[in-house]
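In what follows, a structure is listed as structure tokens, so that the remarks can point back to it.
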């Protein structure tokens, strides 16, 4: 293999695609996000893994006092304090659920890979305001050693607060249980009504 062909392979992604399919676009905190990655390849690839990348990013506008120096027409230096707007970005949650480990993809290969990712119950729900925002994004990735990864476009999902579930006492043992349960998690007795 020639030097330029090797160099080209190091800077170009393989001829393959990955697309992401989700059952829905709104999830509650604490819920499992389940989906599938559809992988198609036009060339031989040894993928290191097939995964999804779930990220929760918080952005906040802030103001900082910065020192600015400028040169005056007579050559003197003038220093002054100036307020500047900045956007601070923080990754609140990051997960890379794996759909498949090392896989050989031949030319013409096409398959679906299921994956699951937990949205943490203590996470932040999606929101946007004038000064801040929290966004949840997910994308599919085919990892390739020595070459750029193949990625799908990112999909923004909405994450909402988990609905409140009322708790009731078991008629037999008195253990508290969600009113949506049919039987007691402690003694196993079925609810009367």
*asked:* From Cα pairs below 8 angstrom and at least 6 apart in sequence, can you work out the relative contact order of the chain, rounded to a whole percent?
replied: 28 percent
*For the stretch 27-80, just list the percent of Cα-Cα distances falling in each 10 Å bin from zero outward, please.*
13, 21, 16, 14, 12, 17, 7
*In terms of the Cα gyration tensor, with a ≥ b ≥ c the square roots of its eigenvalues, is the chain rounded because a/c is under 1.5, prolate because a/b exceeds b/c, or oblate?*
oblate
_With n ≥ 4 as the cut-off for DSSP H runs, can you work out [θ] at 222 nm for the chain, using -39500 (n - 2.57) per run divided by the number of residues, rounded to the nearest 500?_
-1500 deg cm²/dmol
_Normalised contact order of the stretch 153-192, rounded percent, pairs of Cα under 8 Å and 6 or more residues apart_ = 26 percent
_Going by average Cβ density within 10 Å per residue, which order do the peptides 118-128, 134-144 take, highest to lowest?_
134-144, 118-128
*Give or take rounding to whole Å, what are the principal axis extents of the alpha carbon atoms in the stretch 85-144, in descending order?*
49, 29, 15
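Computed from the coordinates by the stated procedures, all read-outs in this text should not be read as laboratory data. Fair warning: this is a prediction, and the values are worked out from it, not measured in the lab. Neighbour counts are summed over all protein chains in view; Cβ atoms, including those assigned to glycine, are modelled from backbone coordinates with ideal geometry.
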